[in-house]
Amino acid sequence: MERKDFETWLDNISVTFLSLTDLQKNETLDHLISLSGAVQLRHLSNNLETLLKRDFLKLLPLELSFYLLKWLDPQTLLTCCLVSKQWNKVISACTEVWQTACKNLGWQIDDSVQDALHWKKVYLKAILRMKQLEDHEAFETSSLIGHSARVYALYYKDGLLCTDDLSAKLWDVSTGQCVYGIQTHTCAAVKFDEQKLVTGSFDNTVACWEWSSGARTQHFRGHTGAVFSVDYNDELDILVSGSADFTVKVWALSAGTCLNTLTGHTEWVTKVVLQKCKVKSLLHSPGDYILLSADKYEIKIWPIGREINCKCLKTLSVSEDRSICLQPRLHFDGKYIVCSSALGLYQWDFASYDILRVIKTPEIANLALLGFGDIFALLFDNRYLYIMDLRTESLISRWPLPEYRKSKRGSSFLAGEASWLNGLDGHNDTGLVFATSMPDHSIHLVLWKEHG
């Protein structure tokens, strides 16, 4: 058939075909297929594949594509990125999807960063770190060597670790180098800043030392028992100390004089914390300074400010008959108080003093608290260091600890960096996680391992 005649015939056939019902069209096609040979069937197969493939992600408006992508899990999304460059471009541009995926992993989100590709990269980094935690491979260990006697007191701040065994040493954790070394006394507790070191001692005194010269600038005398905990605030010019004589003393930091002795404890005061309040209640307002003091059974709350003469605002405990002991680790961030006991972790709301929750770990008893945040908690026992996801109250990682000599006061071990407890961000999972003194007088460090 000539080309012109063929085109005329094809036009007539097309008009007739379009006038048929769907059933008649199907029968017509079936008949034509039955008459076709291998060449025609191959041609039909190749063209049908192209016609039937509809790239909905390419055809849909971007907003609808983003809506559909929200229903897919991150691992499926990563697989979809391999389909084509277009799919990878659209999926990578969906900021909300990757931010949500990061949040679900316990990652901190800065909503001001709207670069979608940034959040996809953050997710890939986050999934790697969480896999390391699940596989118990997120940490590494190191040691600080230089003490000649048992270290009872440790304090960590901004990459520096202070340890004391009659001589206080200030270590740069990142390099393992000793920055300062000064002679002190038999310390049970230490706290420092850039200029000074404050120590609580088994000799019943508190002292303030100057790093640069090593000189003792103040000596606070008045306790009749060992001083197990100290805290201070330069703005208030106040130092507080907790002692085995069952009292808490409030001192003028610069003058060295005792301003007040707070009584009411019936056991050793093993922890004092001076912190700004962040919530409002009938007893305090945001910005007020609060003192917490803890013994074996109770946590007492005191108002601290320019008015030094104060009365206890509230006493917290987990059992009225004193059958349950509190462990000598206390977390207070101005909004919540957290303490561990044999029954689990207790969290109080500081605005109402009500117990918000009790977190129990039936599979592991007597876990001690090291750090507590919005997302994670750092816990430990005699064998392992644990990370708990507070959203599910489940233990997600652990790390073996060496045989160390656990102090009743809890001062021979501490947590390191704490910002990651409020959510990882890809930058705060570095540096010190945990430190403890060892029987051989060294300091055992648990550090974050660098990202793979």
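The values are calculated or read from the model by the stated rules, or taken from the named source; none is laboratory data. Note that the coordinates shown come from a computational prediction; the quantities given were computed from them, not determined experimentally. Don't worry about glycine lacking a Cβ; one is built from the backbone with ideal geometry, like all the others, and counts go over all protein chains shown. We work out accessible area using only protein heavy atoms, side chains counted, and drop any ligands, DNA or RNA first. Shrake-Rupley method; radii C 1.70, N 1.55, O 1.52, S 1.80 Å.
Computed over protein heavy atoms with a 1.4 Å probe, the accessible surface of segment 229-330 works out to 44 Å² per residue. The charge dipole of segment 186-278, taken about the Cα centre with unit charges on the Cβ atoms of Lys, Arg (+1) and Asp, Glu (-1), comes to about 120 debye, rounded to the nearest 20. Between helix 116-134 and the chain there is an angle of about 60 degrees, using the helix long axis and the longest principal axis of the Cα atoms. Each peptide among 17-29, 126-138 gets the average number of other Cβ atoms lying within 10 Å of its residues, and from highest to lowest they stand as 126-138, 17-29. Sort the chain into rounded, prolate or oblate with this rule: let a ≥ b ≥ c be the square roots of the eigenvalues of the Cα gyration tensor; rounded if a/c is under 1.5, and if a/c is not under 1.5, prolate when a/b is larger than b/c, oblate otherwise. It is prolate, given that a/c is not under 1.5 and a/b is the larger ratio.
For segment 53-66, the Karplus equation 6.51 cos²θ - 1.76 cosθ + 1.60, evaluated at θ = phi - 60°, returns couplings of 6, 10, 7, 5, 5, 7, 7, 6, x, 4, 5, 5, 4, 4 Hz by residue, with Gly and Pro reported as x. Restriction of the chymotrypsin sites (Phe, Trp or Tyr not before Pro) in segment 52-142 to DSSP coil positions whose beta-carbon has at most 13 other beta-carbons within 10 angstrom yields W71. Name the residues whose placed amide hydrogens come within less than 5 Å of the amide hydrogen of K314, ignoring near sequence neighbours (fewer than 5 apart) on the same chain. Answer set, sorted by chain and number: I301. The fraction of accessible area contributed by carbon and sulfur in the chain is 53 percent, rounded to a whole number (1.4 Å probe; ligands and nucleic acids excluded). Is there a pair in K25/K89; K191/K335; K196/K278; K131/K169 whose C-alpha atoms are over 29 Å apart, and which pairs would that be? Among K25/K89; K191/K335; K196/K278; K131/K169, the Cα-Cα distance tops 29 Å for K25/K89; K131/K169.
Once backbone amide H atoms are built at 1.01 Å from N, L262 has V248, K249, V250 as its partners under 5 Å, excluding neighbours fewer than 5 places away on the same chain.
For S397, the residues 5 or more places off, or on other chains, whose built amide H falls under 5 Å of its own are I387. Net charge in the neighbourhood of S84 (other residues with Cβ under 14 Å of its Cβ; Lys, Arg +1, Asp, Glu -1) is +4. Surface analysis of segment 119-199 yields an accessible area of 44 Å² per residue, using protein heavy atoms and a 1.4 Å probe. Would you please classify the overall shape of segment 323-452 from the alpha carbon gyration tensor, given that a ≥ b ≥ c denote the square roots of the eigenvalues, rounded means a/c under 1.5, and beyond that prolate means a/b larger than b/c while oblate covers the rest? In terms of gyration-tensor shape, oblate. Across all C-alpha atoms in segment 14-88, the radius of gyration and Dmax reach 19.1, 51 Å.
The distance linking segment 143-171 with segment 66-103 is 48 Å (Cα centroid to Cα centroid, whole angstrom).
Loop-located GluC sites (Glu not before Pro) in segment 285-380 (DSSP state not H, G, I, E or B) with no more than 16 neighbouring Cβ atoms inside 10 Å: E307, E320, E363.
Relative to one another, the C-alpha centroids of segment 239-287 and segment 319-349 are positioned 18 Å apart.
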